[in-house]
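Peer 1: What follows is a single structure, and I will ask about it in a moment.
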Amino acid sequence: MLCAILFAIGLVGVMARRNVLFMLMSLEIMMNSTALAFVIGGNIWGSPDGQVMFIFVLTLAAAEAAIGLAILLQFYHRFRNLDVNQASRLKG
């Protein structure tokens, strides 16, 4: 239940916010809620697979944060704000 609430909060954050930084934070909330669901599921079924998936999700979250923050820095450097509507002006 907690996982679903956290995932919903993250989903609303991604869909409602226009700021790229808040969108990245919302994605992190969604990924952490998914990882929590894996751990809980693994605990319920008595399998360590949930913990292994948690490590994969942590790795994916770290990669997402690194790439996302690099894109965010370039985006801010070019437009001097973090409004996602201006991303349509990016070419390349």
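The values are calculated or read from the model by the stated rules, or taken from the named source; none is laboratory data. All values derive from a computational prediction rather than experimental measurement. Because the Cβ atoms are built from the backbone with ideal geometry, glycine has one as well, and the counts that use them run over all protein chains shown. SASA here: full protein model, heavy atoms, side chains in, ligands and nucleic acids out. Shrake-Rupley method; radii C 1.70, N 1.55, O 1.52, S 1.80 Å.
Peer 1: For the chain, find the longest principal axis of its Cα atoms and tell me its angle to the long axis of helix 2-16, 0 to 90°, nearest 10.
Peer 2: 10 degrees
Peer 1: Under a no-solvent Debye model with one identical scatterer per Cα of the chain, what's log10 I(q)/I(0) at q = 0.10, 0.17, 0.20, 0.21 Å⁻¹?
Peer 2: -0.33, -0.77, -0.93, -0.98
Peer 1: Quick check for you: with a 1.4 Å probe and neighbouring chains kept, what is the accessible area per residue of the chain, in Å²? The partial results should precede the final answer.
Peer 2: Values: 6510 Å² over 92 residues.
Per-residue value: 71 Å².
Peer 1: Here's another thing I want to ask about it. Which residues among segment 1-32 fall inside the zone where the amide N is under 15 Å from a point 7 Å beyond the Cα of ILE40, along Cα→Cβ?
Peer 2: Those under the cut-off are 1-10, 30-32.
Peer 1: Against the longest alpha carbon principal axis of the chain, how many degrees, from 0 to 90 and to the nearest 10, is the axis of helix 20-45 turned?
Peer 2: 10 degrees
Peer 1: Separate question: Once you put a point 7 Å from the Cα of ALA70 and another 7 Å from the Cα of SER47, both along the Cβ direction, what distance in nm separates them?
Peer 2: Label at ALA70, label at SER47, 3.5 nm between them.
Peer 1: Can I ask one more? In degrees between 0 and 90, to the nearest 10, how far off the longest principal axis of the chain does helix 49-79 point, with axes built from Cα atoms?
Peer 2: 10 degrees
Peer 1: I would also like to ask the following. Roughly how many percent of the accessible protein surface of the chain is carbon and sulfur, given a 1.4 Å probe and a whole-percent answer? If you can, show how the numbers build up before the last one.
Peer 2: Values: 4680 of 6510 Å².
The C+S portion of the solvent-accessible surface of the chain is 72 percent.
Peer 1: Suppose accessible area is computed on protein heavy atoms with a 1.4 Å probe; arrange ASP49, ASP83 from highest to lowest.
Peer 2: Largest accessible area first, the list is ASP49, ASP83.
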